[in-house]
1. Gap in Å between the Cα centre of the range 258-276 and the Cα centre of the range 62-76?
2. Compute the helix-to-body angle for 213-229: its Cα long axis versus the longest principal axis of the chain, expressed 0 to 90° and rounded to tens.
3. Only Cα pairs under 8 Å and at least 6 apart count here; give the relative contact order of the chain as a rounded whole percent.
4. Please say if the range 162-265 is rounded, prolate or oblate, where rounded means a/c under 1.5 for a ≥ b ≥ c the square roots of the C-alpha gyration tensor eigenvalues, and otherwise the choice is prolate for a/b larger than b/c and oblate otherwise?
5. Assuming R0 = 25 Å, can you tell me the calculated FRET efficiency for the pair Arg145 and Thr69, based on Cβ-Cβ distance, to the nearest 0.05?
6. Please report how many Lys pairs in the chain have alpha carbons closer than 23 angstrom, counting only residues at least 8 apart along the chain or sitting on separate chains.
7. How tilted is helix 77-92 with respect to the longest principal axis of the chain? Cα atoms for both, answer in degrees (0 to 90, nearest 10).
8. Ordered by packing density, taken as the mean number of other Cβ atoms within 10 Å over each peptide's residues, highest first, how do 243-251, 284-292, 55-63 rank?
Amino acid sequence: MNRSMRRRAALLVGIVVVGLAACAPALPQPEPAPVPAVAPPATTIAQSDNVLTDLGDVLKAGDAALDPTLLPPRVSGPALAIRSAEYVRAKATANTKPPIAIPTKAQALILPQTDTWPRTQLVVTEQPDDLQAPRILVLQQTKPRDQYHLWGWGRMGPSIPMPPTAAPQTGSAVLAPDATGLVATPTDTLVQYCDVLTKGSASPYAAAFAPDAFRTGVEAARASTVSSVGAAGTATETYTPEPAPLTTLATVDGGAIVVGQLTTVSTVLLTPGGTIKLDPFYAALTGKDTAASSFVRTFTDVVIIYVPPAGSTALMQVLAAEHAVTAVTAD
């Protein structure tokens, strides 16, 4: 075959190859999964159960040894401060005042519907063995691959029902601190509640909040402090919310559950010559037995408040709260 014929045959082969390629069926292309109309919850029920099991193991070890250094793998924030102080109290009182019970078996889960961090979920626990009220545990994951930690807890008020929330398989929407559509924004809710704690019925916001056991307890303890100091000095208290709520989770009725931290400072100033004998717990925190000029207790507070939707005639309601001394100074 001469050169001209070979060149013509090669050209024909190329045309046949191209033609065959053009007739070949297209390769299937991967298709992305359809985007759900509603984002899934950030945590599954099984994952939450595992978190609670691990938390229970950590609390059991810490409580048995009264050792706060065993808690950080699963406990942080206000919960760590409160539990650490409870260990001091238990040691100072020969365990006649042990740490409060924190059940880790859930009767209800409120999971966030979010793809960002930090993530916070709420757990309504079973009733403790001592028949106290169930707790609402606040569990937080600060960033991807971090463990969920017990950030705080609140003891539920007597006979106060939980507002309706989305099923854990769906998850509850996370609202911004300045979210509208509620009778008060989440941030304003905490500010207004602190004003009610400070001024009682004289607060312009008093009528917006339903009565609650936490407020009743704080007012009773404050009155007792004032009475016990008497003419020996003065007693005052301040209530300050953290700058923004930890989290706000929507309820199915258009309202929300707001979780926040408050700081209560109780200050006693003594007149010259007066003294206060400190109980064993306060003495252990201060290293002193008496106070001669001032006695200051700092309480770490966790509050969980239901906020109705805008236009509702329902009142804001404290669902659960914790109020615990975490620091003391005496001079």
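Quick note: the coordinates plus some simple rules give every number you see, no bench work behind them. All figures in this text were calculated on a predicted structure; none of them were measured in a lab. Cβ sites come from the backbone with ideal geometry, for glycine too, and all protein chains shown count toward neighbours.
1. If you average the Cα positions of each part, the centres end up 27 Å apart.
2. 30 degrees
3. 16 percent
4. prolate
5. 0.60
6. Eligible lysine pairs with Cα atoms under 23 Å apart amount to 8.
7. In the chain, helix 77-92 runs at an angle near 40 degrees to the longest axis.
8. Top of the packing list down: 243-251, 55-63, 284-292.
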